[in-house]
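Student: What follows is a structure written as structure tokens; I'll ask about it next.
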Amino acid sequence: MTRPSGVIFDIGGVLIDFDHMLICERLAKDCGLTPADVYAKIFTSGIEADYDTGALSTDEFLSAVCRAITLNMPRAELSEIWCGIFSEKKDVTSIIRSIHGKTRLMLLSNTNELHFEYARKKFPVLDSLFEPKFLSFEIGLRKPDPAIYKKVIELTCLNSKDLVYIDDRQDYVDAAQAAGLPSERFTSAENLKKLLLKLDFDLTI
């Protein structure tokens, strides 16, 4: 298989682990709801989706969360809870370091301003290895909307056949493929090694 000119990585579930239920469990203690109810009111309701696509500013999002779950909490504390859900998958990022400089490394993520600004400070690898970054809250689109994949292909200024997108969610992989962006599913660090070798990368640093 021909080595691609650009490899686009998802962030959450690939480079960084996260758990939205950690947010819900912490907020549930302060608002008298169950974690499942908090999840429904923030995530299922569409509030988080609107924040991820930039339809809500950070201030508007935090206000919407407080209204949705009847929460009285300082914004700084709520922001800290919202962001305290991440951990770097160092076995994965170490593999990706081995192909840095051998292809363009890019990011495509459903994310929001608070999460991304927190993550880039906590995990410098996001800035040191990847450029450009295609972020839902900046583009105004969210996976699996076909338009986001088509927009990303356009913004890379590369032919789609020279790209590979890697995501942990099969529905996002399928949507990207249908939109014309060659894609592979990430399942583990070992799986990533095999995929990159198949793509003709030398994994020695």
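Student: Is there a residue in region 26-36 that is part of a loop (DSSP other than H, G, I, E, B), within 20 Å of residue 152 (Cβ to Cβ) and of a type outside the set (A, V, I, L, M)?
Tutor: So far as region 26-36 goes, no, none of its residues is part of a loop (DSSP other than H, G, I, E, B), within 20 Å of residue 152 (Cβ to Cβ) and of a type outside the set (A, V, I, L, M).
Student: Another question, then. What are the residue pairs meeting all of these: first residue in region 54-66, first residue within 22 Å of residue 134 (Cα to Cα), second residue part of a helix (DSSP H, G or I), Cβ atoms under 6 Å, and 6 or more apart or on different chains?
Tutor: Every condition considered, the pairs that remain are 54/137; 56/50; 58/113; 58/114; 61/51.
Student: Output yes when any residue across region 89-98 is in contact (Cβ under 8 Å) with a residue 12 or more places away in the chain and of a type in the set (Lys, Arg), and no when none is. Walk me through it before giving the result.
Tutor: Pass one, region 89-98, residues in contact (Cβ under 8 Å) with a residue 12 or more places away in the chain: 89, 91-93, 95-98.
Okay, now just the ones that are also of a type in the set (Lys, Arg), so 89, 97.
Scanning region 89-98, I find at least one residue that is in contact (Cβ under 8 Å) with a residue 12 or more places away in the chain and of a type in the set (Lys, Arg), so the answer is yes.
Student: Now, a different point. Read through the list (1) crowded, with 19+ Cβ neighbours inside 10 Å; (2) within 15 Å of the chain's Cα centre (by Cα), then give the number of the only condition that residue 18 fails.
Tutor: (1)
Student: Tell me the strands (runs of 3 or more DSSP E) entirely within region 121-191 that contain at least 3 residues that are surrounded by 14 or more Cβ atoms within 10 Å (Cβ to Cβ) and not polar (S, T, N, Q). I'd like the intermediate steps shown before the answer.
Tutor: On the way: elements: 133-135, 163-167, 183-185.
Here the list reads 133-135, 163-167.
Values in this text are rule-based calculations from the coordinates and carry no lab data. Please read these numbers as outputs of a predicted model, since none were measured by experiment. Note that each Cβ is placed from the backbone with ideal geometry, even for glycine, and that neighbours are counted across all protein chains shown.
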